[in-house]
Each structure stands twice: as C-alpha cells, then as structure tokens.
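Accompanying notes for the structure given below.
The values are calculated or read from the model by the stated rules, or taken from the named source; none is laboratory data. As the structure is a computational prediction, the values presented were derived from the model and not from experiment. For neighbour counting, all protein chains shown are included, and Cβ atoms are generated from backbone atoms with ideal geometry for every residue, glycine included. Remember, those area values only see protein heavy atoms, side chains included, never the ligands or the DNA or RNA. Shrake-Rupley method; radii C 1.70, N 1.55, O 1.52, S 1.80 Å.
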Amino acid sequence: QVHLVESGGGLVQAGDSLRLSCAASGLSSYAVGWFRQAPGKEREFVSTISWSGATTNYADSVKGRFTISRDNSKNTVYLQMNSLKLGDSAVYYCAARPHTVEITAMSYPYWGQGTQVTVSS
C-alpha cells in the first residue's frame, strides 16, 4: 500500500505560479501521475513521470506551463504550475502505479486525497 499526500494547493490569481508536492514512503519505485477534477467535470490527466524521471508526459492544455519533476531521495514528486489560468482551477490528485507511466486514471491503484487549486481573475 502506498499512502500519497499532496500539498501546495491554494488560491492564486491568474498568471501566478504554484508548486504542488506529492510525497509517500517508497514513492521512488513508482511512476506518478497528476490528475485534476473540476466541479461537474470528469477527472482528467495532467502529467506523468516515470520512476526514474526520464520520461514525462503532459496534457496539451498544460504543456509549456506545467513541469513535473521528482526527487527520489525525498520520495517526492512535484508539479510546478506557471501562468495559471482560470481553467486550471480544480482539485489536483497525485496517483502512483508500479512499472510504466500511463495517462489513464484507471491505471493507477494508489491515490492521494487531493489538494484544491483555485485561480481567480
């Protein structure tokens, strides 16, 4: 069992930046994905990173603005979010899975509780 804990969410203005963190014991052995869910919408893929950090993927909507990274010495994965837009407002979840990265939420057996990101105009 992997117990994921997200942090770093908050209320910011459009154009601002936030860095989300996802931590768990043993996380260095897992691929990690970030997903988000806005009210009334389905959970959507944001970004993924392989266990080594060598492979990353991004949704088109965040490409060029968000950067995923990890520090395996700290068992932590980060999501740096720059140039935030109103449409980025959502609860952000990190998820972990063994082996390869995937972009579908169903592929991830372990999930955190989520952290709220609210972008205001």
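Does GLN37 qualify as being open to solvent by 40 Å² or more (accessible area, probe 1.4 Å) and either hydrophobic (A, V, I, L, M, F, W, C) or within 21 Å of ALA105 (Cβ to Cβ) (or both)? Yes; evaluated as a whole, the condition is true for this residue.
Can you find a residue that is open to solvent by less than 30 Å² (accessible area, probe 1.4 Å), at pLDDT below 95 and farther than 18 Å from SER83 by Cβ anywhere in segment 2-18? Yes; the residues of segment 2-18 include at least one that is open to solvent by less than 30 Å² (accessible area, probe 1.4 Å), at pLDDT below 95 and farther than 18 Å from SER83 by Cβ. Taken over segment 68-114, the criterion of being in a strand (DSSP E or B) and surrounded by fewer than 16 Cβ atoms within 10 Å (Cβ to Cβ) is satisfied by SER69, ASP71, GLN80, PRO98. If the condition is being without any contact (Cβ under 8 Å) to a residue 24 or more places away in the chain, open to solvent by 40 Å² or more (accessible area, probe 1.4 Å) and more than 15 Å from GLU102 (Cα to Cα), then segment 42-65 contributes GLU42, ASP60, LYS63, GLY64.
In segment 97-115, the residues that are in contact (Cβ under 8 Å) with a residue 40 or more places away in the chain and more than 16 Å from LEU27 (Cα to Cα) form no Cβ pair under 8 Å with any partner that is of a type in the set (Phe, Trp, Tyr) and open to solvent by 50 Å² or more (accessible area, probe 1.4 Å), whether six or more places apart or across chains.
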